[in-house]
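Visitor: Before I ask anything, let me first share the structure, which is written out below as structure tokens.
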Amino acid sequence: MAEIQLRNVGKRWGAFVGVHNFDLTIADREFLVLLGPSGCGKTTTMRMIAGLEDVTEGEILVDGNVVNDLEPKDRDVAMVFQSYALYPNMNVYENIRFPLKVRGIDAASHDEKVRRAASMVELDDFLHRKPAELSGGQRQRVALARAIVREPNVFLMDEPLSNLDAKLRVSTRAQIKNLSHELAVTTIYVTHDQIEAMTLADRVVVMKKGVVQQVGSPMEIYDRPANTFVASFIGSPAMNLIDGRVESGVFTAQHTRVEGVTLTDGPVTLGFRAEDAMLQDHGQIEAPIYTIELLGDATMISVRVGGALISVKADKTYRAEIDDRIGIRIPVEACHFFTAESGERLD
Ligand code: ATP
């Protein structure tokens, strides 16, 4: 059992704040993903949980006990990094066994534990190989097995897939998802890749400049982003955002007129997703086509509104030419509104 509580946790180096007021309880066996752009404080948060970085404010608790002053080795967490850090002179078997040796775990149990961990990541046939004789994906699986063999209560994973090519990323991602389910451990996973976050997480924490922007299930974050930062970070393509004004229940911007808006008059940002809009002869947006992208299973059409590129997903059979004038219909229930100043969600 491992419930992790972060109580107003902060990290500061001199005047620079790396992580600000992180306050969250991570449930036993939860798969939590920390998501955000480079430098937003994901790794620092995880290193504080691991004990590799001092906490400058707040408390970290594991199962109700404050661990701020516990050494990393006493925290019962296993970390997997983007660089696998395998020992080049040891073969796969010895690399996986290493944590058992340094922890002085009864040698009689090593063989069974190593073989079981290797089997979970399908490395049974590679135990005698040296890291140099493995592919990137196989090395990453050795690193995973080395974490599994310790039977920790908490897994901490920092961009473990980032050195793999696109195809291996997808298969290793599925393997991690399956493993965390099978091992039933609490997992905290750091990534800047929103697809990894959406596919792996029970809950996602979106961070920006050391500050948590939103915590929620992948669908909550996708369907009801708390602000324009989250809206533009989640989803591919990102949510369309148009700066405009509401007056007497009508939102207007260049090429754009949306009626039936129940907001007070003033500047606001309208958001909608590419797949929620439809192409027709007339719509709330009417503009010439700027790009046409064939994706195989769909066609992505974009127009320019003000400074923004607005994307709409059309059927794969949709045919049109650049500069053709099109209408974009946005169902009212698919519209999101955000304040113009801070970008906070309005409804
Ligand atoms: P990435 O995706 O690039 O790994 P990240 O979200 O994991 O980024 P962190 O590594 O947590 O970001 O860094 C958060 C911020 O803290 C960054 O601006 C970084 O420059 C800063 N930082 C990290 N370590 C130190 C340090 N030892 N001293 C001062 N600033 C630091």
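Visitor: Out of the helices (runs of 4 or more DSSP H) lying entirely within the stretch 62-160, which hold 3 or more residues that are within 23 Å of the chain's Cα centre (by Cα)? It would help to see each step written out before you state the result.
Guide: On the way: elements: 92-102, 110-120, 136-148.
Passing ranges, in order: 136-148.
Visitor: A follow-up question, please. Please verify whether Thr43 is surrounded by 15 or more Cβ atoms within 10 Å (Cβ to Cβ), outside any loop (DSSP other than H, G, I, E, B), on the phi < 0 side of the Ramachandran plot and not aromatic (Phe, Trp, Tyr), treating the condition exactly as stated. Reasoning before the result, please.
Guide: Numbers: surrounded by 15 or more Cβ atoms within 10 Å (Cβ to Cβ): yes; outside any loop (DSSP other than H, G, I, E, B): yes; on the phi < 0 side of the Ramachandran plot: yes; not aromatic (Phe, Trp, Tyr): yes.
Yes; evaluated as a whole, the condition is true for this residue.
Visitor: Is the stretch 132-142 home to any residue that is under 30 Å from Gly41 (Cβ atoms), within 16 Å of the ligand (Cβ to nearest atom) and of a type in the set (A, V, I, L, M)?
Guide: Taking the stretch 132-142 first, the residues under 30 Å from Gly41 (Cβ atoms) are 136-137, 139-142.
When the remaining residues are screened for being within 16 Å of the ligand (Cβ to nearest atom), the result is none.
Checking the stretch 132-142: not a single residue is under 30 Å from Gly41 (Cβ atoms), within 16 Å of the ligand (Cβ to nearest atom) and of a type in the set (A, V, I, L, M).
Visitor: (1) among the acidic types (Asp, Glu); (2) modelled with pLDDT of 95 or more; (3) within 25 Å of the chain's Cα centre (by Cα): which one isn't true of Asp297, the others all being true?
Guide: It fails just one condition, (2).
Visitor: Going residue by residue through the stretch 259-274, is there one that turns out to be among the hydroxyl-bearing types (Ser, Thr, Tyr) and either crowded, with 16+ Cβ neighbours inside 10 Å or assigned by TED's automatic domain parsing to the domain that holds Gln214 (or both)?
Guide: yes
Visitor: Yes or no: the stretch 123-134 includes at least one residue that is closer than 25 Å to Glu196 by Cα and either surrounded by fewer than 17 Cβ atoms within 10 Å (Cβ to Cβ) or polar (S, T, N, Q) (or both). Even if it seems obvious, please write down each step before you answer.
Guide: Keep residues of the stretch 123-134 that are closer than 25 Å to Glu196 by Cα, which gives 123, 134.
So of that shortlist, the ones also either surrounded by fewer than 17 Cβ atoms within 10 Å (Cβ to Cβ) or polar (S, T, N, Q) (or both) come out as none.
Scanning the stretch 123-134 turns up no residue that is closer than 25 Å to Glu196 by Cα and either surrounded by fewer than 17 Cβ atoms within 10 Å (Cβ to Cβ) or polar (S, T, N, Q) (or both).
Visitor: Here's another thing I want to ask about it. Mind checking which residues of the stretch 255-273 are among the polar types (S, T, N, Q) and either at pLDDT 95 or above or part of a strand (DSSP E or B) (or both)? Break it down stepwise before answering.
Guide: Narrowing the stretch 255-273 to residues among the polar types (S, T, N, Q): 256, 262, 264, 269.
Hits for the stretch 255-273 are Thr256, Thr269.
Visitor: Working carefully through the options Met1, Met79, find the one that is hydrophobic (A, V, I, L, M, F, W, C) and surrounded by fewer than 19 Cβ atoms within 10 Å (Cβ to Cβ). I'd like the intermediate steps shown before the answer.
Guide: On the way: Met79 fails: surrounded by fewer than 19 Cβ atoms within 10 Å (Cβ to Cβ).
Only one candidate passes the filter, namely Met1.
Visitor: Given the criteria of a type outside the set (Ser, Thr, Tyr) and on the phi < 0 side of the Ramachandran plot, does Ala147 qualify?
Guide: On the way: of a type outside the set (Ser, Thr, Tyr): yes; on the phi < 0 side of the Ramachandran plot: yes.
Here the answer is yes, as Ala147 does meet what is asked.
Visitor: Just name the residue that is surrounded by the most Cβ atoms within 10 Å (Cβ to Cβ) out of those in the stretch 188-230 that are over 13 Å from the mean Cα position of the chain (by Cα) and away from the ligand (no atom under 16 Å from the Cβ).
Guide: Pro225
The values are calculated or read from the model by the stated rules, or taken from the named source; none is laboratory data. On a predicted model such as this, the values are computed, not experimentally measured, just so you know. Neighbour counts are summed over all protein chains in view; Cβ atoms, including those assigned to glycine, are modelled from backbone coordinates with ideal geometry.
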